[in-house]
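S.K.: First, the structure itself, so that you have it in front of you.
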Amino acid sequence: MRKLLLAFMFFTLFPFTHVLAEEQVYRIGAEKAFPPFSYLNQNGELQGLSIAVLERIADKNDVKFEFIPMDGKQAEEALRKGEIEGVAGVTYSIDKEKYMDFSTPYFTMSDSLVIPRRLKDEVENIEDLRDTHIVLKEDTAGLNTLINLRNNNFTVTTNQYNGLFMLWNGRADVFIGNKWTSYFFLDRYELEEQYVVLDIILDPADYAVAVQEGDEEFRRFLDKAIIDLKATGEMNQLVDFWTKGENEEEITRLKDFITILSIFMAIGGFILILIYIWNYRLKLAVNKHTKELTLLNEDLHDQRQRTADSNAFKDQIINNIDAGIITFDLNFMMTSCNPRALDILEWPQQEGVEQSPVFNEIRTHFYHDRAKQFVFHRNGQRKIVYYSLNDMYNSLENQAGYLLTIRDETEKVQLEQKLLTQEKLHALGQLVAGVAHEIRNPLTSIKTFINLIPRKIAQKDFQEMLVEYLPKEVDRLNQIVTDLIDYARPSTPRIQPCTASELTTMLTFLHVTMKDEHIDFQLKVPDGLVFYIDPQQIRQVLLNILLNAVDAVKNVTGKRIELEMYHLDEECGEISIKDNGEGMSVEQQHHIFDPFYTTKAKGVGLGLTLSYHLIQENNGDISVTSTKKEGTRFVITLPIYREEDSLNEARSTRH
C-alpha cells in the first residue's frame, strides 16, 4: 500500500517526466511531394530535412515518430480531427494559428520565382509580374503582397509540384514557391536549361512543426528539442546536408570572384619572386649537370663491371661445355678454341692446333658439308665425331667469321648400339614366346585327335569332329606361319601416286557387313589429295583397322565409324579412323602393336603389328588414342605426292 501511494505521488508531481520516460509514439503528417523538406523515396518512405530533424529529436529524447505521407490540406485536417499529433514542414500564418499551434521554427527562407529562361531579362522585381498568370501554393507567405498587384491572374494549388507542372505545360507564366523544391523537380525532369529560379525577395516564411491547438506539453517539448539542436550546431549540419547543391549558381559566382582575386594575387606574387626563381633555377641547373656527370661516371663503371662479368660468365660456359668450340675469321684463320676442342682434336695446346691430324680430317669434310657425323680410326680405336659449321655475325648483322662445333659421340653411339641390341633380343624373346604360345594351341588339339583315333576311329561322331576341326587347326597353323613370314619379311613397297578416293576401293565388300551390323559409316574424302605410297599395302592397313573397328562397336548402341582423309601440311596427309566402340585401357594401348598381342578370342595378334611395319615402310607414322566405353581413334600420317617426287620417279624410270 505504501509503494502504491509513493508511485501515485511521483506521477502526480512529475507528469511530464513520466511521459518522456517511456518511449512515446507520435504520429506526424508530412507532405509527400515537398522536397527537400519531405518527399517519398524509391521505397515509398518519407525522407527530407523535416523528417531528419524529427528523427534527430527522437534519437536524443527517447521518443518515436511515425511519419504519415499526406497532402498539405489533408494533414491539417487530420491534425484538427486529432488523427495525428503533428504536421512537419508547415509554414506559419495567422490564419493557421486559429486552429493549430506552432513550434519554434527550425528554418526560415523566402519563396522565389520560377520563370521560363526566355523571360529572364524581363523580370527584375515584383512589379514586373503585372499582366501575368501566376501559380502558387495556397499557403505562400507573400500571397497578400501579390494580390495587391493589378491585372494579375492567380491559380492556387495544394502543393508545389502541381504548380510547377502547370508552368511546364504553359498554363501559367510564373510559379512562386520554395526554390529548393523547384531546383529538385527541375533537376529530376532535366528542365534546368528551359527555366530559371530568381531570388527576388518576398515575405519570408518560417518552417515549423504544427501541433494540435492547446497541446502545450508536446509544443514545449519540440521547442526545447529544436533549440538544443540549434545550440549544438546539429541543425545547421542537417540543413547543409539536405540543401547541398541547390545553390550552385551562388557558389559558382563566389568561386569566380575568388578565382579573379587569386589571379591578381598570383600576378603580384609572381612579380615579387621572379628574380628569386631565376637565381634558384640557375642553381638547380648547376646541381643537375653535376649530378648527371656523377651518374654517367657511375653508369660507365657499372657497364665496365657488367661487361667483365659477362665475359667471365661466357668464358666459364665455353671452357666447361661438353662440346668443342672453335671460331674462325672470314679467311678461316682460327681465332679461339676452348679446352674441350683440344681434347677432341688430341692436341695439347691451342698453338698449332691446325696441325692436328683430327682437325685436318674434320677440315676436309666441312668445306663440303656444313654438318656431318663421320667415323675415323686413331691409335687403333674407332672414333665417331659430329661437327657443325655456322656463320657468325656482329651486332650490325654483318658476317664476322665462322663457328665450328665439335662433339665426340663415340660413347653415345656405343650405348645406343647396346640398347638396340638389347631391344632386339627382348623383341626376339617376345616373338619366340608368342609363336610358341600360338602354335601350341592348335598342336594340342591335333595331338588330342591323333591320340583318340585308335579308340574312336569307328565312331561316326568322332569322324565328323575329326573332319570338321582338324582342318581348321591346320589352317590356323598355316595362317600363323603366313602372318609370321609377312611380319618378318614384308614385301618391298611399290611407291607410286595414289588418290585418296582410290584407297577406299577396298570398302566395297565392307559395306554389306556394316549394313548387316547396322553401323552408321561416315566417309569424308577430299578432292585433290594424292598420297605417295604403295596402295596395296595401305589398303591392307586400312582393312585391318576397319575390321577391328567393326568388332569394337558390335556390343554398343548407336554404332558409328568415321573414316576421314585430309591435308596435314604441304608434305603430309592424314587418315583418321574413329569408332564409338568399347575403347581400350592405357595398358592395352601400350601393347597393341606388339606381336601376338590380341584381345580377340580367335585373333592371332599380328594384324596391327604388320600394319605398323607397312606404314613404316611407306615413310609414314601411326598413333592411337582411346578411352574405355567411349571409343578409339587411329591416325595414320603418310607423305603427299609432290612435283619433286615426279622428277625422282622419272629419273629412276630412265635408269
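What follows draws every value from the coordinates through simple rules; no lab data is involved. In this text, all values refer to a predicted model and were calculated from it rather than measured experimentally. Methodologically, a virtual Cβ is constructed for each residue, glycine included, from the backbone with ideal geometry; neighbour enumeration extends over all protein chains shown.
S.K.: Which of the lysines could a cross-linker bridge to Lys283, judged by Cα under 21 Å and excluding same-chain residues fewer than eight apart?
M.R.: Lys291
S.K.: Ranked from highest to lowest mean number of other Cβ atoms within 10 Å per residue, what is the order of the peptides 60-68, 523-531?
M.R.: Descending packing order for the listed peptides: 60-68, 523-531.
S.K.: Show me the chymotrypsin sites (Phe, Trp or Tyr not before Pro) within the range 313-364 that DSSP assigns to loop and that have at most 14 other Cβ atoms within 10 Å of their Cβ.
M.R.: Phe332
S.K.: While we're on this one: Any idea what the dipole of the range 512-622 comes to, in debye rounded to 20, about its Cα centre with Lys/Arg Cβ at +1 and Asp/Glu Cβ at -1?
M.R.: Computed about the Cα centre, the dipole is about 600 debye.
S.K.: So who's got an amide H within less than 5 Å of the one on Thr132, skipping anything under 5 residues away but keeping other chains? H placed 1.01 Å off N, in plane.
M.R.: Sorted by chain and number, the residues that satisfy this are Asn153.
S.K.: Once you charge only the Cβ atoms, +1 for Lys and Arg and -1 for Asp and Glu, what is the size of the charge dipole of the range 495-536 about its Cα centre, to the nearest 20 debye?
M.R.: Around 60 debye, computed over the range 495-536.
S.K.: So which lysines can Lys98 reach, going by Cα to Cα under 24 Å and dropping same-chain residues fewer than 8 places off?
M.R.: Lys73, Lys81, Lys137, Lys224
S.K.: Using modelled backbone amide H atoms (1.01 Å from N, in-plane), which distant-in-sequence or interchain residues come within less than 5 Å of Asn159's amide H?
M.R.: Distant-sequence amide H within range of Asn159: zero hits.
S.K.: Within straight cross-link reach of Lys447, meaning Cα distance under 24 Å, which lysines are found once same-chain residues fewer than 8 apart are removed?
M.R.: Answer for Lys447, where 24 Å is the Cα cut-off: Lys456, Lys460, Lys472, Lys602, listed by chain and number.
S.K.: Rounded, prolate or oblate for the range 275-333? Axes are the square roots of the Cα gyration tensor eigenvalues, ordered a ≥ b ≥ c, and the cut-off for rounded is a/c under 1.5.
M.R.: Since a/c reaches 1.5 and a/b is larger than b/c, the shape of the range 275-333 is classed as prolate.
S.K.: Moving on. Projected onto the charge dipole of the range 40-117 (+1 at Lys/Arg Cβ, -1 at Asp/Glu Cβ, origin at the Cα centre), which of Gly44, Ser112, Ser93 gives the Cα projection farthest towards the positive end?
M.R.: Ser112
S.K.: While we're looking at this one, here's another question. State which entries of Lys524/Lys554; Lys96/Lys179; Lys32/Lys230; Lys578/Lys629; Lys559/Lys629 exceed 20 angstrom in Cα-Cα distance in the structure shown.
M.R.: Lys524/Lys554; Lys96/Lys179; Lys32/Lys230
S.K.: What is the packing order of peptides 578-587, 300-309, 27-36, taking the mean over residues of other C-beta atoms within 10 Å and listing the highest first?
M.R.: 27-36, 578-587, 300-309
S.K.: What are the residues whose amide H is under 5 Å from the amide H of Ala205, where those residues sit 5 or more places off or on another chain and H is modelled from the backbone?
M.R.: Residues meeting the amide H criterion: Met109, Ser110, Asp111.
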